[in-house]
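The next block holds one structure in the form of structure tokens; read it before the comments.
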């Protein structure tokens, strides 16, 4: 199972995005602010590809998804919550976002569904990874380059015929 977290909105101390399973949109996510180094309770998970397992959480007292081998930090979980204050540096999931994109809505539904999918994948022997990435900006760069080229061409034509 391939999870892909695409971060889309960086607002204050909150980072929200979209989680995809095998290329298909699944739910919204919320994390703390992005920083260069992971700081407990204050920072989003660094960009990168990580393995995911489902292990016992001493804090939550249940088995739940664990994002493994996060540089300089252990115990990064995927769980339910509403705001960055619920995160403690973990990844929160939900079915929808508030209008200001700083709160999650229907988190328990998304978490239970994701946890079930991860559990089934593990039972079938499937490897689970999560790729945490910035939004794909290539398309915007291409259209921006075309726009600047057309503007430059328009200026050249203007001065040629002037």
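Tabulated results
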read-out	value
Kirkwood hydrodynamic radius of the range 10-106, Cα pairs, Å	13.6
Rounded FRET efficiency, nearest 0.05, which uses the C-beta distance separating residue 120 from residue 13 and R0 of 35 Å	0.55
For the range 76-140, fraction of C-alpha pairs farther apart than 12 Å, in %	74
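Quick note: the coordinates plus some simple rules give every number you see, no bench work behind them. Since we're looking at a predicted model, the values are computed, not measured. Here Cβ is always computed from backbone atoms with ideal geometry, including for glycine, and neighbour counts include all displayed protein chains.
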